[in-house]
Amino acid sequence: MSFKVKFWGVRGSIATPSPRHIVFGGNTSCIEVAMGGERVILDAGTGIRSMGHHLTRKGIGRAHLLLSHTHWDHINGFPFFSPAFRKDGAFHVMAGHLADRGGVRDVFCSQMAQPMFPVPLDQMAAKLSFADFRAGDSFSLSRRIRVRTAPLNHPDGATGYRIEFGGKSLCYITDTEHRPGQPDQNILALVAGADAMIYDSTYTDDEFNDKRGWGHSTWQEGVRLARAADVRMLLIFHHDPDHEDPFMAKVEAEARALWSGAVVARENQRLTLL
């Protein structure tokens, strides 16, 4: 009945393969959630490439892929997801913001269509299934895994998730823009009492005014929401590409001083919900 989380990509907007992004990581959003032998993947940024190689080595070829949204940094690793090219693979892809806009399969097909990419989606040998829902829906991925969702404030739409298994809960809240002084009630209702919340902390409060309308939040707002909703742990996530390791180390020190439940997510970091 273990509930394990691994961060394969924690960066936002664009991958940052540089020596100044080693400690916290440069791959874009991808998280593996393993629960009692079943797997859920959150987003398909560049981190999914390494995750795919890991799954292949472990002989694992089945998972649910839940997408926060389909901006490039959250899907552009999927064409390099090696298990999707294996005949024994099976992956169920879901999104909550495209039901009225052609559906998530069309987005994946477009991403892998010429002249953007040389290998089309139908060259993937695994069994791929696609499903669209509406942010705010709840559903089960299996007899033991329950998912609740909520709409987020992001250009083109995005979905927040709460995954429940074995009496534990993990919330994935990215990408979203808050309104200062007005806590997002959709988020508060979704994350209430959660064991862990992964939150879009692209900016600091000092940076936020110059970034309004860009669809992202701050680590300080993440702390405020976590405290208000009685969340046990906040994972600061979706790091700005310009926030290099020294900057992120400063964020980590300030966040820990403000609230002991705050942790800055790192690539390859593991978490077990007990």
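The values are calculated or read from the model by the stated rules, or taken from the named source; none is laboratory data. Here the structure is a predicted model, which means the values were calculated and not measured. As a convention, Cβ positions derive from the backbone with ideal geometry for all residues, glycine included, and neighbour counts pool all protein chains shown.
Check the stretch 32-46 and report whether any residue there is over 24 Å from LEU234 (Cβ atoms) and exposed (fewer than 15 other Cβ atoms within 10 Å of the Cβ).
Yes, the stretch 32-46 has at least one match.
Within the stretch 86-94, identify whether any single residue is part of a strand (DSSP E or B) and within 12 Å of the chain's Cα centre (by Cα), and answer yes or no. Give the steps one after another, and end with the answer.
First, pick out the residues of the stretch 86-94 that are part of a strand (DSSP E or B): 90-94.
Subset that is within 12 Å of the chain's Cα centre (by Cα): none.
Looking for residues that are part of a strand (DSSP E or B) and within 12 Å of the chain's Cα centre (by Cα), one finds none in the stretch 86-94, hence no.
Looking at (1) closer than 15 Å to ALA63 by Cα; (2) crowded, with 19+ Cβ neighbours inside 10 Å, can you tell me which one LEU152 breaks?
(1)
Each row is one residue, and each column tells you yes or no for (1) over 21 Å from VAL33 (Cα atoms); (2) crowded, with 21+ Cβ neighbours inside 10 Å; (3) at pLDDT 95 or above; (4) of a type in the set (D, E, K, R).
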residue	(1), (2), (3), (4)
PRO180	yes, no, yes, no
ASN186	yes, no, yes, no
ALA189	yes, no, yes, no
ALA196	no, yes, yes, no
ALA229	yes, no, yes, no
LEU234	no, yes, yes, no
GLU244	yes, no, yes, yes
GLY261	no, no, yes, no
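Which one of these is touching a strand residue (DSSP E or B) at 6+ places or on another chain (Cβ under 6 Å) and small (Gly, Ala, Ser): ALA194, ALA189? Reasoning before the result, please.
Numbers: ALA189 fails: touching a strand residue (DSSP E or B) at 6+ places or on another chain (Cβ under 6 Å).
Exactly one residue qualifies, and that residue is ALA194.
Quick one: how many residues across the stretch 164-178 are surrounded by 24 or more Cβ atoms within 10 Å (Cβ to Cβ) and either touching a His at 6+ places or on another chain (Cβ under 8 Å) or under 22 Å from SER129 (Cβ atoms) (or both)?
Going residue by residue through the stretch 164-178, those that are surrounded by 24 or more Cβ atoms within 10 Å (Cβ to Cβ) are 170-176.
Checking which are either touching a His at 6+ places or on another chain (Cβ under 8 Å) or under 22 Å from SER129 (Cβ atoms) (or both) leaves us with 172, 174-176.
Selection size over the stretch 164-178: 4.
Does the stretch 69-81 contain any residue that is at positive phi, surrounded by fewer than 24 Cβ atoms within 10 Å (Cβ to Cβ) and outside any helix (DSSP H, G or I)?
no
What is the number of the single condition among (1) in contact (Cβ under 8 Å) with a residue 12 or more places away in the chain; (2) under 24 Å from GLY59 (Cα atoms) that ARG143 does not meet?
So ARG143 meets the others, but not (1).
May I ask you to list pairs of residues, at least six apart or on different chains, whose Cβ atoms are under 7 Å apart, with the first in the stretch 120-133 being among the acidic types (Asp, Glu) and the second being not in a helix (DSSP H, G or I)?
ASP132/ALA95; ASP132/LEU98; ASP132/ALA99; ASP132/GLY103
Residue by residue, here is whether (1) closer than 20 Å to ARG11 by Cβ; (2) touching a strand residue (DSSP E or B) at 6+ places or on another chain (Cβ under 8 Å); (3) in a loop (DSSP other than H, G, I, E, B); (4) among the hydroxyl-bearing types (Ser, Thr, Tyr) holds:
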{"residue": "GLY213", "(1), (2), (3), (4)": "no, no, yes, no"}
{"residue": "VAL223", "(1), (2), (3), (4)": "no, yes, no, no"}
{"residue": "VAL231", "(1), (2), (3), (4)": "no, yes, yes, no"}
{"residue": "LYS250", "(1), (2), (3), (4)": "yes, no, no, no"}
{"residue": "ARG256", "(1), (2), (3), (4)": "no, yes, no, no"}
{"residue": "ASN268", "(1), (2), (3), (4)": "yes, yes, yes, no"}
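If I go through the stretch 44-78 residue by residue, how many of them are more than 18 Å from THR159 (Cα to Cα) and in contact with a Cys (Cβ under 7 Å, 6 or more places away or on another chain)?
So the count comes out to 4.
Looking at the stretch 91-134, which of its residues are farther than 19 Å from SER68 by Cα and surrounded by fewer than 16 Cβ atoms within 10 Å (Cβ to Cβ)?
Across the stretch 91-134, the qualifying residues are ALA113, GLN114, PRO115, MET116, PHE117, PRO118, VAL119, PRO120, ASP122, GLN123, ALA125, LYS127.
Of everything in the stretch 152-200, what is under 12 Å from the mean Cα position of the chain (by Cα) and of a type in the set (S, T, N, Q)? Give them in sequence order.
If the condition is that a residue be under 12 Å from the mean Cα position of the chain (by Cα) and of a type in the set (S, T, N, Q), then THR159, THR174, THR176 are the ones that fit.
Could you give me the residue pairs with C-beta distances under 8 Å whose first residue belongs to the stretch 82-111 and is more than 16 Å from LEU55 (Cα to Cα), whose second residue is of a type in the set (Ser, Thr, Tyr) and assigned to a loop (DSSP other than H, G, I, E, B) wherever it lies, and which are 6+ apart or on separate chains?
Close Cβ pairs satisfying both conditions: ALA95/THR70; HIS97/THR70; LEU98/THR70; VAL104/THR70; VAL107/THR70.
Mind checking which residues of the stretch 188-202 are of a type outside the set (Phe, Trp, Tyr) and in a strand (DSSP E or B)? It would help to see each step written out before you state the result.
Filtering the stretch 188-202 for residues of a type outside the set (Phe, Trp, Tyr) gives 188-198, 200-202.
Correct list: ALA196, MET197, ILE198, ASP200.
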